[in-house]
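Accompanying notes for the structure given below.
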Amino acid sequence: MNIRLAYAALGVGVVLSYAVYRYGMYFDVSLYRLEIILYVLAISVILAIAVSGFVMPLNHLGKYRNVLLVTCAPFLISACYVIQFAGTPVSMLGSLEQALRWAAYGAFLMVLLFIGQIGQSYKGIEFGLHGAGVFIGWGSLAGWMGWSTFPDIVMYTGDEQLSSVGARLAGFFQYPNMLGAVLSAFLVWYWLRMLAAQTWRAFLFLMAQVIPVGLTLLLTESRGAWVALAIGWAAGLLLTGREGRKKWILYSGYTMAAAAALYRNTVGAGAGIAAVDRDMRAEGVTLFVLLAACFAGFAVLRFIMLKGGFDGVWRTSICGIACAAAFVTLLPASIQGRLGGGHYETAGARRLFYEDAWRLFKEAPWFGRGGDVWRLQFLRIQQQPYVGNEVHSGYLDMLLELGVIGFALFCIMLTMLLLRLWKLNREGLIPAVVLLSHAAIDFDMAYGFYWLLLFAFIAYFVTAPSFREPFAREPSEAFTLMLRGGALRSSRIAVSVLAATLAVVLLAAAVYAGVRLDGARQAREAASAAAGAARESALRAGLEANPYSTRIRLDLAPLAPPQERAELLSAGLRYEPQSALLLWELGRTYAELGDVPQAEELLREALRLDRFDKAKQTEAVQLLTRLALELRDAGRQADARLAAQAALSLYGAYEALDREVQAMVRLSNDRRFELTAAARTAAELSRKLLEQTDPSLIKPE
């Protein structure tokens, strides 16, 4: 491997593995620094292309000149979020963070395409993908076996609707379904690489990856990921060609049969990690012995294939059927039940999510409401008290955030990239369709790693030769086809220079925004480790760097006197006007100030935005009751009666909502909404206060 390939492999592998380790880049604060690095790299690529235009012949520049055009789609999505600032997004910070995310995705794709077309540097992308695959597959398996620790790497649950064995492998993503989707994409990619393996060394490396990945995929118990894998497998049958199809059936069949055999002996490890009497060392030895046996069988299978042992279609079919039968037979009864049917209540919950999302979409159908719209609005529009910070459909989430117009651009982007794969290397559609199909029923797209992986696969396949035509064209020629190279005219040079200048300016602005947001993140972290004046100073510095942050504002509010706190929280509503948290704290602040009308209005609005929060429903009644008692003791009888009336009014709404909820069919992830005894007690105190001061104000029941 030459130095260029080594740098490319190291860079791609480190970026992908780091993104995985940081919880898949689900949280925006984890992305800030990586985003800045990607912006800088993209600016360097643009400048390199621009310089090459002056020092190279114009006809040679053809292969470089449209890099911006190929990668413009993610930047257009970023621009859609920026445009949201001109309207009324539900969260200015949410829209800004999504704009920065998509600019980073575009920068990553640009850098990868630039790397892949230089000589045979596409192999650097391949090696980087392999490195990330090893880290995900073996790292997840190590967590299941208890060899390593990571927060929530295994999800434990006593709900049979969620797991048949009481534990599911969640990996570094802390979410089994996301891990399952990623493993499924890697699995079909490994099978494709096996078809192209020319040497025993390459085949043995892939063999050491593909069976553990198949095992970890089963340990996720992600039915959606299994369906996505089946879709990818069917796509492989269509796209691998006549000769490749035979290997595809045998390699995939043997992989899953071996994974099922390993699963029987491994599934108990994760569920029993907490048990002190388990001999994890013995279980690890058993696993490696079984792996060695499976590897030996795989090697024999390849040897027989090389000798022409499966030339006939009927022989391949029989072997494929045998592998499928072995797979089903070797799986334990518990997992077979999850495969075959039953416990589909989670699908019913998703249906409710989608119904509520559609209602939310109709409020702003054309342009959407910006980033984080579901997370900040679903509590307001949900029909039942469920937990669901994500809408569980990446496409529906994009529709909510960007509306029909932005979603159309999103679909055009995906179509454009898939058409490039169809034209240049159709095998690349297989892992892409796995990822894109699973995102329809889950929130994979909320993870930054999802897009980094998808774009890495796309960049690899459009710059690498097909396994069916390994010597059909050089990688750089494939890239030339993709970019529609040719001699440049002077007008095109002007357009290219303008586009490059604009891109550099936008990326430089993204760098500045990323630095500011990361500075605010560091300030908040410093504040969490400080106390007193140092904590307040750090939070004020963080808020100055990122005035859009509701989290920092809420952390700072308790440190300020009531009047300043009210101003601080009110200012936050300019950036997040329907924030239930801000409105709630502002209502509590006005109650502390003794302003009954303002306190009631704000608390009522906060409860409207999150009506199924029984803790806040209870606290609102208690808060106004306590205020009424304090005002009575202070001699402010009129204000005391007003506060008591407000408390009873909120309690009446709470009581009516409780009756409505009790009549509903409960969901598996229900928030367990109910009328609390504490609320009844507080309401009774307010009622007694009114009886003592003015009985006529008590409404008859």
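Quick notes on this one:
- Semi-axes of the equivalent ellipsoid for region 565-637, computed as √(5λ) from the eigenvalues of its C-alpha gyration tensor and ordered from largest down, come to 22, 15, 8 Å.
- Kirkwood hydrodynamic radius computed over region 220-274 comes to 13.0 Å, based on all pairs of distinct alpha carbons.
- In region 495-630 the Cα-Cα distances spread across 5 Å bins starting at 0 as 2, 10, 16, 16, 15, 11, 11, 6, 4, 3, 3, 1, 1, 0, 0 percent of all pairs.
- Modelled spin-label separation between ARG604 and LEU502, with each label point placed 7 Å from Cα along the Cα-to-Cβ direction: 4.9 nm.
- Rounded accessible area of ASP633 (nearest 10 Å², 1.4 Å probe): 120 Å²
- ³J(HN,Hα) computed for each position of region 146-159 - Karplus, 6.51 cos²θ - 1.76 cosθ + 1.60, integer Hz, glycine/proline x: x, 7, 9, 10, 7, x, 6, 5, 10, 9, 9, 7, x, 8
- Volume of the Cα convex hull of region 357-438, divided per residue and given in Å³: 87 Å³
- Portion, in percent, of the accessible area of region 546-701 that falls on carbon or sulfur, probe 1.4 Å: 50 percent
- With a 1.4 Å probe rolled over the protein heavy atoms of all chains, the accessible area of VAL40, VAL20 falls in the order VAL40, VAL20, largest first.
- Between region 523-543 and region 380-450, the alpha-carbon center distance in angstrom: 38 Å
- Computed E for GLU674/GLN383 - FRET, C-beta separation, R0 25 angstrom, nearest 0.05: 0.90
- Percent of Cα pairs in region 80-148 per distance bin of 10 Å, from zero to the largest separation: 18, 23, 23, 27, 9, 0.
- For region 363-379, putting each phi into the Karplus relation 6.51 cos²θ - 1.76 cosθ + 1.60 with θ = phi - 60° gives couplings of 6, 8, x, 8, 10, x, 10, x, x, 6, 5, 5, 4, 8, 10, 5, 5 Hz, in residue order, rounded to whole numbers and with x for Gly and Pro.
- Shape category assigned to region 410-471 from the gyration tensor of Cα positions, a/c cut at 1.5: prolate
- For ALA167, the residues whose amide H sits under 5 Å from its own are THR157, ignoring neighbours fewer than 5 places away on the same chain, with H placed 1.01 Å from N.
- Alpha-carbon centroids, region 617-659 and region 176-248: separation in whole Å: 61 Å
- Legend: calculated FRET efficiency, ILE118 to ALA325, from the Cβ-Cβ distance at R0 = 45 Å, rounded to 0.05, equals 0.40.
- Evaluated with a Cβ-only charge set (Lys, Arg +1; Asp, Glu -1), region 594-679 carries a dipole of roughly 180 debye about its Cα centre, given to the nearest 20.
- Put simply, the convex hull of the Cα atoms in region 152-234 casts, on average, a shadow of 5.6 nm².
- Converting phi to 3J(HN,Hα) with the Karplus coefficients 6.51, -1.76 and 1.60 and the offset θ = phi - 60°, region 619-626 yields 5, 4, 5, 5, 4, 6, 5, 4 Hz in sequence order, with x at every glycine or proline.
- Region 574-697 shape via C-alpha gyration tensor axes, a/c threshold 1.5: oblate
- Stokes-Einstein D in µm²/s, Kirkwood radius over Cα pairs - region 1-50 at 25 °C with 0.890 mPa s viscosity: 201 µm²/s
- The mean sequence distance of close C-alpha pairs (under 8 Å, at least 6 residues apart), as a share of the length of region 547-682, puts its relative contact order at 19 percent.
- For region 389-431: rounded, prolate or oblate by the Cα gyration tensor [a/c cutoff 1.5]: oblate
- Chymotrypsin sites (Phe, Trp or Tyr not before Pro) lying in DSSP loop within region 91-159, provided at most 15 other Cβ fall within 10 Å: TRP147
- Amide N of region 381-416 lying under 18 Å from the label point, which is placed 7 angstrom from the Cα of TRP358 along Cα→Cβ: 381-384, 391-401, 403-404
- Rough spin-label spacing in nm, given labels placed 7 Å along Cα→Cβ, for TYR512 and ALA531: 4.0 nm
- Sparsely packed loop sites in region 549-595 (the trypsin sites (Lys or Arg not before Pro) outside DSSP H, G, I, E and B with at most 10 other Cβ atoms within 10 Å) comprise ARG574.
The values are calculated or read from the model by the stated rules, or taken from the named source; none is laboratory data. Values in this document were obtained by computation on a predicted structure and should not be read as measured data. We place every Cβ from the backbone using ideal geometry, glycine too, and count neighbours over all the protein chains shown. Please note that ligands, DNA and RNA were not included when accessible areas were found on the heavy atoms of the full protein model with its side chains. Shrake-Rupley method; radii C 1.70, N 1.55, O 1.52, S 1.80 Å.
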